[in-house]
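Just below is one structure, and these are the notes that go with it.
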Amino acid sequence: MRLFVAIAFLFLAGCDKPFGFIPGRELDGDEQPPPEDWSEIDSVATVQLEFRPDKPYSINIWAVSIGPDMYVATGEDGTRWTEYLQETPMVRVRVQESIYPLNAVRIVDAAEHQDVTAAFIAKYNVDEDSWVASGQVFRLDRRTREMQSAP
């Protein structure tokens, strides 16, 4: 049994795509301009989010849409990827087979944070006082022309 677990771990460690809670590397797929409306993510459980363009790190993550905006969240103390956003806010998100270049912006407006929390509650059935309510929330914005050429 241990041999099977070791082989499975080595197989997963060599994968480029994130698998469950195991992070991956650079996402593959067709890069597209972001849509005007993110409602397509309402029908998918998770999206894949890539950080650090110079040394890609990708994860599976829950995401919600509110009008033209997409949001992701993590707990109050953050995680490894929130540290990566301090290096550069440039991210790429994969929804099904399409990849979109975006810029992560931390939400500080209380009303917007509350709206995002409500969207997570509705989509994922999380508690009102869950990690989202007290956590860090990021809106994934379209990149400006200057951001497209940033390292």
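The values are calculated or read from the model by the stated rules, or taken from the named source; none is laboratory data. Since this is a predicted model, take the numbers as computed values, not measurements. Cβ sites come from the backbone with ideal geometry, for glycine too, and all protein chains shown count toward neighbours. Please note that ligands, DNA and RNA were not included when accessible areas were found on the heavy atoms of the full protein model with its side chains. Shrake-Rupley method; radii C 1.70, N 1.55, O 1.52, S 1.80 Å.
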How large is ³J(HN,Hα), in whole Hz, for each residue of the range 45-58 in order, when computed from phi with the Karplus curve 6.51 cos²θ - 1.76 cosθ + 1.60 and θ = phi - 60°, using x for Gly and Pro?
6, 9, 10, 10, 10, 10, 10, 6, x, 6, 8, x, 9, 10
So what is the relative contact order for the range 84-150, in percent, with contacts set as C-alpha pairs under 8 Å and at least six apart?
34
At 0.890 mPa s and 25 °C, plugging the Kirkwood radius over alpha-carbon pairs of the range 32-104 into Stokes-Einstein gives what diffusion coefficient in µm²/s?
194
Want the number for ASP28 to TYR57: 0.36 nm per residue separation, take away the alpha-carbon distance, what's left?
9.2 nm
Can you give me the accessible area per residue for the range 43-123, using a 1.4 Å probe, in Å²?
46
DSSP-assigned coil residues among GluC sites (Glu not before Pro) in the range 81-144, each with at most 14 further Cβ atoms within 10 Å
GLU97, GLU128
If you stretched the chain out fully between GLU83 and TRP131, how much longer would it get, using 0.36 nm times the residue separation minus the C-alpha to C-alpha distance?
15.5 nm
If you add up the charges near LYS55, with Lys and Arg at +1 and Asp and Glu at -1, over every other residue whose beta carbon is less than 11 angstrom from its beta carbon, what do you get?
-2
At most 14 other Cβ within 10 Å, DSSP loop - GluC sites (Glu not before Pro), the range 34-68:
GLU36
